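> To start, I am sharing the structure in question, which I have written as structure tokens.
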Amino acid sequence: MRLPVVPPHNLVPKMPRKPDPKFVAVGRLDELPMNGTRAVVAEGQAIVLIRTPDKVFALRNACSHKGSALNGGWVEDGKIHCPLHGWAYALASGKCLSNKAKPVAVFPTRIVNDIIEVELELLMSRKS
Ligand code: FES
């Protein structure tokens, strides 16, 4: 019995990366300054992108206090502070540190070839 010939790993052709329909591109990483924010709209959702040294975060761009946009707020220690009255939100969870009953939605992100992508399925499910 003959065993099938398996090519060495380095001879297996790399398949081009397929686009992932769950994620949507929302901007270039180099256009988002460190500890800066940027407002974007994806699938009709207002999102604020926030860049930290470790990660880019995406939160719904509406403060749960009076609805102000969060872009332009100040970012420090894993939090963003609303520019209008200063309510603070944890970037990783969206938990409101000023009123625990009023979190904001957080969307998973990833960076692909310096493009920031946000998970589309969660955007779609959180439209209401
Ligand atoms: S609107 Fe954001 S803290 Fe008041």
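> Could you list, in sequence order, all residues of region 55-77 that are of a type in the set (Gly, Ala, Ser) and within 14 Å of the chain's Cα centre (by Cα)? Reasoning before the result, please.
Going residue by residue through region 55-77, those that are of a type in the set (Gly, Ala, Ser) are 58, 62, 64, 67-69, 72-73.
Across region 55-77, the qualifying residue is only Ala58.
> Kindly indicate whether Ala88 is small (Gly, Ala, Ser) and within 16 Å of the ligand (Cβ to nearest atom). Show your work before the answer.
Details: small (Gly, Ala, Ser): yes; within 16 Å of the ligand (Cβ to nearest atom): yes.
Yes; evaluated as a whole, the condition is true for this residue.
> Right, something else. Out of the residues in region 95-118 that are buried (at least 18 other Cβ atoms within 10 Å of the Cβ) and within 17 Å of Ala39 (Cα to Cα), state the one that is nearest to the ligand (Cβ to nearest atom).
Quick first cut of region 95-118, residues buried (at least 18 other Cβ atoms within 10 Å of the Cβ) only: 96, 104, 106-107, 109, 116-118.
With within 17 Å of Ala39 (Cα to Cα) added as a condition, the list becomes 104, 106-107, 109, 116-118.
Working: Val104: 10, Val106: 16, Phe107: 19, Thr109: 22, Ile116: 24, Glu117: 27, Val118: 22 Å.
Among those that are buried (at least 18 other Cβ atoms within 10 Å of the Cβ) and within 17 Å of Ala39 (Cα to Cα), it is Val104.
> Can I ask one more? Looking at region 76-90, which of the residues that are buried (at least 19 other Cβ atoms within 10 Å of the Cβ) and touching a residue at least 24 places away in the same chain (Cβ under 8 Å) is farthest from Leu29 (Cα to Cα)?
That would be Trp87.
> All but one of (1) in contact with a Lys or Arg (Cβ under 9 Å, 6 or more places away or on another chain); (2) basic (Lys, Arg); (3) modelled with pLDDT under 95 hold for Arg38; which doesn't?
The single condition Arg38 does not satisfy is (3).
> Of all residues in region 44-80, count the ones that are basic (Lys, Arg) and either in contact with a Ser or Thr (Cβ under 6 Å, 6 or more places away or on another chain) or more than 21 Å from Ala101 (Cα to Cα) (or both).
At the first step, the residues of region 44-80 found to be basic (Lys, Arg) are 51, 55, 60, 66, 79.
Keeping just the survivors that are either in contact with a Ser or Thr (Cβ under 6 Å, 6 or more places away or on another chain) or more than 21 Å from Ala101 (Cα to Cα) (or both) gives 51, 55.
Looking only at that region, the number is 2.
Let's see how each residue does on (1) touching a Lys or Arg at 6+ places or on another chain (Cβ under 8 Å); (2) assigned to a loop (DSSP other than H, G, I, E, B); (3) at pLDDT 95 or above:
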site	(1), (2), (3)
Ala92	no, yes, yes
Ile116	yes, no, yes
Glu121	yes, no, no
Met124	no, no, no
Lys127	no, yes, no
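> In region 53-68, which residues are in contact (Cβ under 8 Å) with a residue 12 or more places away in the chain and either buried (at least 17 other Cβ atoms within 10 Å of the Cβ) or near the ligand (Cβ under 8 Å from one of its atoms) (or both)?
First, pick out the residues of region 53-68 that are in contact (Cβ under 8 Å) with a residue 12 or more places away in the chain: 53, 55-66, 68.
Residues satisfying the conditions are Val56, Phe57, Ala58, Leu59, Arg60, Asn61, Ala62, Cys63, Ser64, His65, Lys66, Ser68.
The values are calculated or read from the model by the stated rules, or taken from the named source; none is laboratory data. On a predicted model such as this, the values are computed, not experimentally measured, just so you know. Counting neighbours? That spans all protein chains shown, and the Cβs are built from the backbone with ideal geometry, glycine included.
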